[in-house]
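Enquirer: Handing you this structure, nothing more for now.
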Amino acid sequence: MKRSFFIALGLLTRIPIPREKIPPTPREMGASVPLYPLVGLLLGGILGSFSSLWPGSMADTGAFLVLLFWVLLTGGLHLDGLADTADAWVGGMGSREKTLAIMTDPRSGPVAVVAVALVLLGKFAAIRSLILTGAPGLAIGVALLLARLNLLLLMLTLPYVRPGGMAAQATAALPKRSGWFMAVVTLLAVISLKNSSGFLALTAGVGLFLVLGWRFRQRLGGVTGDTLGAACEITELGTLLTWAIAAVPPG
């Protein structure tokens, strides 16, 4: 359990962890996937606590610093996947083969730049709004949790379509029973908050899982590491914006 969590933490974040001399086996990689929501919970706790330090009078500065810390903690891993997916989705023009080929190109086109810029601007706006309402911590924590939950759900329900690599091994060796158990526990944990904004964010997260899963299956027949990264970023943005909009007092 401890080693599996460190594997998940090392893959999804840039948080320093003890380095093992023996590389993880495919089975250990698979066992780490159900723990992705726990990584989201840890990241959410760190960033949520940091966001709560900023008063409304410093909403702009606070939102920027929270977003900067967010990117540093994750190493921009999922932003890279978003950029590659955006380029490939537009440039692929509906073709599975062309879409997969463009994803392997290390260069970023204008679509990738626009996609990353829009996601970062959207997150900044949502964080700023949440700081102004005085309750950013829980919203950010839930957004990070639900995004990693969607990674788990996509890997549980869709095949990995690019052969080779750690992600392919992890998906193939993913223990389904443990994965579904963690998914249900995560959903129940968010529901147990009994927060109306949180429930709307959860609804948005589930909706995004269904839509993204359908589109990935339709275009590619499954997922790749890049599409998983894109799904994480899109879920973070969608759930965060939903909470921010719902939290604004009427009038």
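Enquirer: Which value, in Å² rounded to 10, gives the accessible area of R14 with a 1.4 Å probe and all protein chains present?
Expert: For R14, solvent-accessible area is about 130 Å².
Enquirer: Compute the helix-to-body angle for 36-51: its Cα long axis versus the longest principal axis of the chain, expressed 0 to 90° and rounded to tens.
Expert: 30 degrees
Enquirer: Using a ≥ b ≥ c from the Cα gyration tensor of the stretch 6-163 (square roots of the eigenvalues), is it rounded, prolate or oblate, where a/c under 1.5 gives rounded and otherwise the larger of a/b and b/c decides, a/b for prolate?
Expert: Cα axes put the stretch 6-163 in the oblate bin.
Enquirer: Related question: Taking Cα centroids, how far is the stretch 18-51 from the stretch 54-122 in Å?
Expert: Here the two parts' Cα centres lie 21 Å apart.
Enquirer: Here's something else I'd like to know. Relative to the longest principal axis of the chain, what angle (0 to 90°, nearest 10) does the C-alpha long axis of helix 196-220 take?
Expert: 30 degrees
Enquirer: Can you pull the percent of the chain's accessible area that's carbon plus sulfur, 1.4 Å probe, other chains left in place?
Expert: Its accessible area is 70 percent carbon and sulfur atoms.
Enquirer: Sticking with this one: Could you tell me which of L212, I7, L68 has its Cα farthest along the dipole of the chain towards the positive end, charges placed at Cβ (Lys, Arg +1; Asp, Glu -1), taken about the Cα centre?
Expert: Among L212, I7, L68, the one farthest towards the positive end of the dipole of the chain is I7.
Enquirer: If packing is taken as the average number of other Cβ atoms within 10 Å across a peptide's residues, how do 191-200, 150-159, 235-244 rank, most packed first?
Expert: Listed from highest to lowest mean packing, they are 235-244, 150-159, 191-200.
Enquirer: Round to the nearest 10 and give me the degree value, 0 to 90, for the angle of helix 77-91's Cα axis relative to the longest principal axis of the chain.
Expert: 70 degrees
Enquirer: Let me ask you something else. Please work out the average accessible area per residue across the chain, using the 1.4 Å probe convention, and give it in Å².
Expert: 47 Å²
Enquirer: Right, next: Using unit Cβ charges (K, R positive; D, E negative) and no other charged atoms, how large, in debye to the nearest 20, is the dipole of the stretch 38-183 about its Cα centre?
Expert: 360 debye
Enquirer: Whole-Hz Karplus ³J(HN,Hα) for the stretch 223-228, in order, using 6.51 cos²θ - 1.76 cosθ + 1.60 and θ = phi - 60°, x for Gly and Pro?
Expert: Karplus values, whole Hz, x for Gly and Pro: 10, 10, x, 5, 5, 5.
Enquirer: A follow-up question, please. Could you work out the helix-only [θ] at 222 nm for the chain, with each DSSP H run of four or more residues adding -39,500 (n - 2.57) and the total divided by the number of residues, to the nearest 500 deg cm²/dmol?
Expert: That calculation yields -25000 deg cm²/dmol at 222 nm.
Enquirer: Moving to a separate point now. In debye, nearest 20, what is the charge dipole magnitude of the chain about its Cα centre with +1 on Lys and Arg Cβ and -1 on Asp and Glu Cβ, if you could check? Before the final figure, lay out the partial values.
Expert: Details: 19 positive and 11 negative charges, 127 e Å.
Here the size comes out at about 600 debye.
The values are calculated or read from the model by the stated rules, or taken from the named source; none is laboratory data. Bear in mind that the values here come from a model prediction, so they are computed numbers and not experimental data. Glycine gets a Cβ as well: all are built from the backbone with ideal geometry, and neighbour counts include every protein chain shown. SASA here: full protein model, heavy atoms, side chains in, ligands and nucleic acids out. Shrake-Rupley method; radii C 1.70, N 1.55, O 1.52, S 1.80 Å.
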